[in-house]
Structures are given as C-alpha cells and as structure tokens.
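Trainee: I'd like to ask you about the structure that follows.
The values are calculated or read from the model by the stated rules, or taken from the named source; none is laboratory data. Just so you know, these numbers come straight off a predicted model, no measurement behind them. A quick note on method: Cβ atoms are made from the backbone with ideal geometry, for glycine too, and the neighbour counts reach across all protein chains shown. Note: accessible area is taken over every heavy atom of the protein model, side chains too, but ligands, DNA and RNA are not part of it. Shrake-Rupley method; radii C 1.70, N 1.55, O 1.52, S 1.80 Å.
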Amino acid sequence: MTQSAAAQKPPATPRRLDPEDAQHALAEVQERLRRQQLVADLVHRQEEGDAKANLVEDLVHRQHEAELKTLLDGLHPADIAFILESLPKDERQAIWKLVSPEHDADVLLEVEDWVRESLIEAMDRQDLVAATGNMDADELADLAPDLPPDVVAEVQKGLTEEERAQLLEAMGYPEDSVGAIMDFEMVRVREDVTLEVVLRYLRRLHELPDHTDQIFVVDRQDKLQGILPLSRLLVSEPETEVRAVMNADFLTLNPLDSDADAAGAFERYDLVSAPVMDDQGRLIGRVTIADVVDVMREDSQEQALSRAGLQEEDIFAPVSTALRNRAPWLLFNLCTAATASFVASQFEGTVSQIVILAFLMSIVAGIGGNSGNQTMTLIIRALAMGRITGRNLWQLVKRELFVTLMVGLCGSLVAALFAWVISHSLSIALVMMAAMVCNMLVGASVGVLVPMVRARFGKDPAMGSSVLLTFATDSLGFFIFLGLATIFLL
C-alpha cells in the first residue's frame, strides 16, 4: 500500500473567502494603494531634500505595506491570485512583493498564465527555487514552461528519483492531454488484504489526497485490478478482503486522451476522480474533478475569446501587445464591412428611387446575423461535447435549416407588417418577408458550415466565427434584399 510523499504534507492555507469577499478585499487593496500614492504625490510637492517630508513618506509607506501584508496573509491563495489579476502591472508587482513566501507556490499555480509570467520575472533565482522546491511533480510540470531552465534543473536536484521520473513524464505529454493535467497523489492497495488493514493504513496518513473518493487496487506490477469506493470501505465488514468488495467495472483514462474528452466523461458519469492507465494497464496517475473544472473554465474562456478573434491577454498589457492581438481580426472585419457596403452601393439606383429600403435593409442583415449566431453557438457547443459525427451531420443540418425556416416565416410576418406600416406598400412588405427568410437561412447555413469546416481542418471552430458570420449575413443580406427589390419593385 503506497501513497505519494507529497500527499503526506498537511497544507497550511488560510480560510477561503467567497467571491464577494474577494472583491471587497480587492477594493480595499486598491484603496490603500491609492492612499499610498496620494501621500507620495504630496511629499513630492514639498521642497526637494526636505528630510522631514521624506521621513513622513517613509513612515506612511511602511504603515500601508504592513496593513496590506496583514490583509494578504488572511486571504486564500486563489483570492490573492484574483487580486493580482485585477491590478495594473506596477501595482501587481508591489502587492506580489508583500505576499508571504509560503504562499508563493500556491499563488503561482492559481494565477492565469499571462499574470504568472510577469510575477516570475519579478522574482530572483533564489526565491523561485524556494517557491517551487516543495511542489508536487504535476504542479512543477505546470509551471516548468514559464520557469528559467536553471531553476527547473536546481529544483530537480532536490526531488527523489520517483518524483524526478514523474516530473519528466508529466512534462512529456501534450498540453491539452490527460497526461498534462493528471496528478500522482493517490492511495493504492493490494486486493489480498482485508479492509481492516486498509483502514489502519489510512489512519496512519496525515490526510488523504484531495478529492479522494476511491482507492485504487493494484497488483505488484502496479496494474490496475479494480477500485474500492470509500463509501463501500466504510460500510463493509472489516474482515472482508478487498477483492470481495472492489469494483472491477470502472472508467479509465489514457494519458494521451484529450482533456476535453476527460471533462466530458466526468460530466456524463458524475465522477469525482478517475484513474489514468498506460498502454500496459499500469496505474500512472489520476484526474480529479478539480483538474476538470479548470479545463472546463479555460475552454469556456478560450471559446468566448476565439469567437471575437482574440487570444488571452493581460487586460493591463501594453498597447502594442493589445494591438497585435486585436488588429488582425479587426482589419479583416473592416474588409468584410467594406465588402458589404460595396454590395449595397451596387444598388444605388434602387435605393435612390425607393428610399425606404435604406431603413429596412439593416433589419434583414441584423436578423440574419442573430439567427446564424444561435445556430453557430449550438454547433460549437456540440462539437466541444463530441456530439457531432459523420452519421448525424446531415440530419443536424436539415434540422437547423427547418427550424430556421419556421422561425423565419413567423418573424418575417412581423417584419412584413412593420414594412407595410411605414411604407404603405404591400410589394415592399412581401420583398421584406422573402429577403428576411432567405437571409436567416444563409445565417443558419454559415453557422453550421464555418465551425464544421474549421474543426475538419483541426482549427478552433470558434476562432473568428462571429466575424465570418457577420460578413456573410451582411453582404448576402443586402444583396438578397436589394436584388429582390430591384427585380420586383422597379
């Protein structure tokens, strides 16, 4: 029976605040920083070399630092990370210097990647080695890409042979794989021991690894034989052998599986933890619900940014960095908007004769875009959940087009009524109705095709999807509406 050494260290973390308290703490930190800056500005207005003013500034500065340090010491590392992410870089670095060294490692693990880089830059080599020296192998593997190579090498010297092997193994897996998020903290037992022996072993531990809901049953080669749920361990007779009560039917993950697929399995089967096995059937790690929640949150954030053509960035990053992130898709959007305007300009004669069309064509384009956005959101989510296959693709396309047609017919009646009220022309109302239905079908088609094509070529299906959808529904919406008006109204 074994457990990783890291799991035997009792953590010393302060209480965790709820989100509202964390925001209150952020507001308090910002207020103290504002007061500190105000005092500094007042002192600088004094005559240069005023020793008394400098002494006052130094005393006030130390007082504010002491108050901030006391506040930070009472926060959970996750809440400190939240505060650091919400501050400009200069203030972030000032607060980071006040964080207790014993919390440095936990905070580095909690913050977003774009903040972690700036924090590591502000730390010297000795502080980095001290912060990472007590990390588990899986945690160190998460930070390794952001750490200087000499720091990683120094930390490796303090690891046991087993921990060093685990670190190298974790660093060898792709970023979005199960192997990259699995941890090595777990309790293993043999199948030929009694439950009483297992209970005695558990009592000798300082604590169980986080999110332990089951114990893994392995043989002498570490091949997984079954799982022993803690609930079954507690209610079964102590004299019973493990093999008699273990569950031999269980879900396993491979280290090369996608972390998104693992998240889907956790959601489907309501898992708290799942074993990770290599191709030889050996137990090499486990994935917990905490890891999966992080994956889901990151995927959700990436998807939201991708739809606008953005990548994750520091909200306080330099303007040059923000420009490199945002400019490409904005310039592409400018080109698509110019194309839509060019299409509309080709019907200048039609619009000049029937001026009311200029007010109505934006409705056609807007409704088509909204309809396509609904379809696109459903498709992207279905792709993320792995629910779209070659067999159900065509059925899904037909369904979306039919639903859009039904909604379009109902909505177009309202739009036609509005067009008739303001134009007093039945012909314009009918053209409005037809154009709206056609453009909604265009939006639905693009909403299906863009994510599917990008996914087919291994690209992020959400990246820039809204920009492409707007281009299609605006350009074709103007073309359809003004084209029908040209044909039937002139």
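Trainee: Any idea how far the Cα center of the range 156-224 sits from the one of the range 117-134, in Å?
Mentor: Going from one Cα centre to the other spans 27 Å.
Trainee: Counting only heavy atoms of protein chains, what accessible area per residue, in Å², does the range 19-176 have with a probe of 1.4 Å? Walk me through the numbers before you get to the answer.
Mentor: Working: 8840 Å² over 158 residues.
Per-residue value: 56 Å².
Trainee: List the equivalent ellipsoid semi-axes of the range 188-308 in whole Å, largest first, each obtained as the square root of 5λ for an eigenvalue λ of the Cα gyration tensor.
Mentor: On the way: eigenvalues 200, 48, 27 Å².
Calculated on Cα positions only, the semi-axes equal 32, 15, 12 Å.
Trainee: A further question on this structure: After finding the eigenvalues of the alpha carbon gyration tensor for the range 406-490, what semi-axes result from the square roots of 5 times each, listed largest first in whole Å? Write down the numbers at each step before the final one.
Mentor: Details: eigenvalues 194, 31, 16 Å².
Output for the range 406-490: semi-axes of 31, 13, 9 Å.
Trainee: Also, quick follow-up: Could you give the length gained on full extension between residue 65 and residue 348, defined as 0.36 nm per residue of separation minus the Cα-Cα distance, in nm? Walk me through the numbers before you get to the answer.
Mentor: Values: separation 283, 0.36 × 283 = 101.88 nm, distance 6.66 nm.
Answer, rounded to one decimal: 95.2 nm.
Trainee: How much length is gained if the chain between residue 456 and residue 23 is pulled fully straight, taking 0.36 nm per residue apart and subtracting their Cα-Cα distance, in nm to one decimal? Mind showing how you got there, number by number?
Mentor: Working: separation 433, 0.36 × 433 = 155.88 nm, distance 4.19 nm.
Extra length from residue 456 to residue 23 when fully extended: 151.7 nm.
Trainee: Right, next: Give the distance, in whole Å, between the Cα centre of the range 343-393 and the Cα centre of the range 439-457.
Mentor: Comparing the Cα centres of the range 343-393 and the range 439-457, I get a distance of 11 Å.
Trainee: Let me ask something additional. Rounded to the nearest 20 debye, what is the charge dipole size of the chain about its Cα centre when +1 sits on each Lys and Arg Cβ and -1 on each Asp and Glu Cβ? If you can, show how the numbers build up before the last one.
Mentor: Working: 41 positive and 74 negative charges, 510 e Å.
I would put it at about 2460 debye.
Trainee: Could you work out the relative contact order of the chain? I mean the mean sequence separation of Cα pairs under 8 Å and 6+ apart, divided by the number of residues, in percent.
Mentor: Numbers: 629 pairs, mean separation 60.7, N = 490.
RCO, the chain: 12 percent.
Trainee: So, by mean Cβ neighbours within 10 angstrom, what's the order for 359-366, 183-190 with the highest one leading?
Mentor: Values: 359-366: 19.6, 183-190: 21.5.
Listed from highest to lowest mean packing, they are 183-190, 359-366.
Trainee: Sum up the lysine pairs in the chain that clear both bars: alpha-carbon distance under 21 Å and a spacing of 8 or more or different chains. Present the calculation step by step, with values, prior to reporting the outcome.
Mentor: Details: 9/157; 69/89; 69/97; 89/97.
So the count of such lysine pairs works out to 4.
Trainee: Sort 74-80, 333-339 by the packing proxy (mean of other Cβ within 10 Å over each peptide's residues), most packed first.
Mentor: 74-80, 333-339
Trainee: I've got another one for you. Between helix 161-171 and the chain, what is the angle of the helix's C-alpha long axis to the longest principal axis, kept within 0 to 90° and rounded to the nearest 10?
Mentor: 0
Trainee: In degrees between 0 and 90, to the nearest 10, how far off the longest principal axis of the chain does helix 51-73 point, with axes built from Cα atoms?
Mentor: Result, in degrees: 90.
Trainee: Please report Rg over Rh for the chain, where both radii come from the alpha carbon positions and Rh follows the Kirkwood definition. Each step should come with its number before you reach the end.
Mentor: Numbers: Rg = 30.3 Å, Rh = 27.6 Å.
Answer for the chain: 1.10.
Trainee: So what is the relative contact order of the range 332-439, in percent, for Cα pairs below 8 Å that sit 6 or more residues apart? Can you show the working numbers first?
Mentor: Numbers: 45 pairs, mean separation 30.9, N = 108.
Result for the range 332-439 is 29 percent.
Trainee: Over the range 67-136, calculate the relative contact order: mean separation of alpha carbon pairs under 8 Å at least 6 apart, over the residue count, as a percent. Mind showing how you got there, number by number?
Mentor: Values: 46 pairs, mean separation 25.0, N = 70.
Reported relative contact order: 36 percent.
Trainee: Another one. Considering only protein heavy atoms and a 1.4 Å probe, what is the carbon-and-sulfur percentage of the accessible area of the range 348-447? Each step should come with its number before you reach the end.
Mentor: Working: 3690 of 5320 Å².
The C+S portion of the solvent-accessible surface of the range 348-447 is 69 percent.
Trainee: Could you give the accessible area per residue of the range 188-308, probe 1.4 Å, as a whole number in Å²? Could you put the intermediate results ahead of the total?
Mentor: Working: 6420 Å² over 121 residues.
Value returned for the range 188-308: 53 Å² of accessible area per residue.
Trainee: On a 0 to 90° scale, report how tilted helix 356-384 is relative to the longest principal axis of the chain, with both axes built from alpha carbons and the result rounded to the nearest 10.
Mentor: Orientation of helix 356-384: about 30 degrees from the principal axis.
Trainee: Further, regarding this structure: With viscosity set to 0.692 mPa s at 37 °C, what whole-number translational diffusion coefficient in µm²/s follows for the range 319-489 from Stokes-Einstein and a Kirkwood radius over Cα pairs? All intermediate terms of the calculation are to be shown ahead of the outcome.
Mentor: Working: Rh = 17.0 Å.
Stokes-Einstein gives a translational diffusion coefficient of 193 µm²/s.
Trainee: Using a 7 Å offset from the Cα along the Cα-to-Cβ direction at both residue 130 and residue 300, what is the distance between the two label points in nm, to one decimal?
Mentor: 3.7
Trainee: Also, quick follow-up: Which loop GluC sites (Glu not before Pro) in the range 239-294, with loop taken from DSSP, have no more than 16 other Cβ atoms within 10 angstrom of their Cβ? The partial results should precede the final answer.
Mentor: On the way: sites: 239, 241, 267; in loops: 239.
Here the sparse-neighbourhood loop sites are 239.
Trainee: Round to the nearest 10 and report in Å² the accessible area of residue 95, as given by a 1.4 Å probe over the protein chains' heavy atoms.
Mentor: 0
Trainee: Something else now. As a test, work out the antiparallel percent of DSSP beta bridges whose residues both lie in the range 188-308, rounded to the nearest 5.
Mentor: Values: 13 of 16 bridges.
Given both bridge residues lie in the range 188-308, the antiparallel proportion sits at roughly 80 percent.
Trainee: Using 0.36 nm per residue, how much length does the chain from residue 359 to residue 418 gain when fully extended, once their Cα-Cα distance is taken away?
Mentor: Numbers: separation 59, 0.36 × 59 = 21.24 nm, distance 1.16 nm.
Net length gain for the segment: 20.1 nm.
Trainee: Show me the trypsin sites (Lys or Arg not before Pro) within the range 313-389 that DSSP assigns to loop and that have at most 16 other Cβ atoms within 10 Å of their Cβ.
Mentor: Details: sites: 324, 326, 381, 387; in loops: 387.
Loop-located and lightly packed - 387.
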